[in-house]
Every structure is written in structure tokens, then in C-alpha cells.
């Protein structure tokens, strides 16, 4: 592939990505505008849609919208909507977790069983750290 073809491919992919992001943002903005005047079950459905659209862009905001949808369902005393929102919330978190795992798997990261406290003691009191059950492999070999 020539340099010119690579540059052209890069430009096309960049344009396509930016176009998709702009479409997503336009949909989010549209839903936010509808949310201002919505009430009742209509508000609930808009909140769920907003949450679904935002999960990849802003996970924290998406989960806040889901929490608000759950609150609306409780106010309406509609258990089925509340259950639907809870299931939606769980699916979104699961999908986000799966996406993060897919992105990280190519990094060849090594899992460690040592927690934050263990690493703290490794830094500030190595003797105490060595007495712990889970220590880093490289420290097992040291005397």
C-alpha cells in the first residue's frame, strides 16, 4: 500500500468516525431536549434511551440516567418498568465490561492477586509484606 493510499484510507476512516460521533451526539441532544418537557412513562422511556446512547460516550452519565429512570418507575408504581430499567442497567455495565476486556486483551497484561494494601506494604514495610499470603511472583524468589 502506497503512502498516498494510506493517507486516503486514514482520511476516510477519520471522516467516518467523526460522522458517527456527530450522529450519536445529535441523537443525545435531541433526547435531552425531549426530556425537558417529558413526564410520566414518556420520561421513563426517554431516560432509558438516553442511557443506552451514552453508555459508550459517558458511562457515569448513562448510569445516572438509568437511576433516574428507576426513580420515575417507582413514582409511577410500575414494577415492570423498574425491573426493565434494572435489567437495562446490568446489561449496559456487562457490555461495557466486555468492551474494556476486549480492548485490554491485546495488551498482554498479567493478572496479579496482590491487592492495593499488599502493594502499599511492599513499598513501606517490605518485611510485613513478605509475610502476606499473596505477594508478587518476583518477590517470592527473593530471600
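The values are calculated or read from the model by the stated rules, or taken from the named source; none is laboratory data. Since this is a predicted model, take the numbers as computed values, not measurements. Counting neighbours? That spans all protein chains shown, and the Cβs are built from the backbone with ideal geometry, glycine included.
Failed condition for residue 70, given (1) part of a helix (DSSP H, G or I); (2) at pLDDT below 85, with all others met?
Result: residue 70 passes all but (2).
When you look at residue 108, is it assigned to a loop (DSSP other than H, G, I, E, B) and either farther than 21 Å from residue 39 by Cα or in contact with a strand residue (DSSP E or B) (Cβ under 8 Å, 6 or more places away or on another chain) (or both), yes or no?
Criteria met by residue 108.
Out of all the residues in the range 26-42, which are surrounded by 11 or more Cβ atoms within 10 Å (Cβ to Cβ) and part of a helix (DSSP H, G or I)?
Listed by number, the residues that qualify are 27, 28, 30, 31, 32, 33, 34, 35, 40, 41, 42.
Considering only the range 58-82, state which residues are more than 22 Å from residue 100 (Cα to Cα) and either surrounded by fewer than 17 Cβ atoms within 10 Å (Cβ to Cβ) or not assigned by TED's automatic domain parsing to the domain that holds residue 100 (or both).
If the condition is that a residue be more than 22 Å from residue 100 (Cα to Cα) and either surrounded by fewer than 17 Cβ atoms within 10 Å (Cβ to Cβ) or not assigned by TED's automatic domain parsing to the domain that holds residue 100 (or both), then 67, 71, 74, 75, 76, 77, 78, 79, 80 are the ones that fit.
Going by the structure shown, is residue 86 under 23 Å from residue 26 (Cα atoms) and out of contact with any strand residue (DSSP E or B) (no Cβ under 8 Å at 6 or more places or on another chain)?
no
Mind checking whether some residue in the range 91-99 is more than 14 Å from the chain's Cα centre (by Cα) and in a helix (DSSP H, G or I)?
no
Only one of 46, 55 is touching a residue at least 24 places away in the same chain (Cβ under 8 Å), touching a helix residue (DSSP H, G or I) at 6+ places or on another chain (Cβ under 6 Å), crowded, with 16+ Cβ neighbours inside 10 Å and assigned by TED's automatic domain parsing to the domain that holds residue 27; which?
Working: 46 fails: touching a residue at least 24 places away in the same chain (Cβ under 8 Å).
Unique residue meeting the criteria: 55.
Inspect all residues belonging to the range 32-49 and state whether any of them is under 20 Å from residue 100 (Cα atoms) and within 23 Å of the chain's Cα centre (by Cα).
no
Would you mention how many residues in the range 58-73 are in contact with a helix residue (DSSP H, G or I) (Cβ under 6 Å, 6 or more places away or on another chain) and over 13 Å from residue 93 (Cα atoms)?
Number of matching residues: 6.
Could you please let me know if residue 64 is within 30 Å of residue 24 (Cα to Cα), part of a helix (DSSP H, G or I) and touching a residue at least 40 places away in the same chain (Cβ under 8 Å)?
No: the conditions fail for residue 64.
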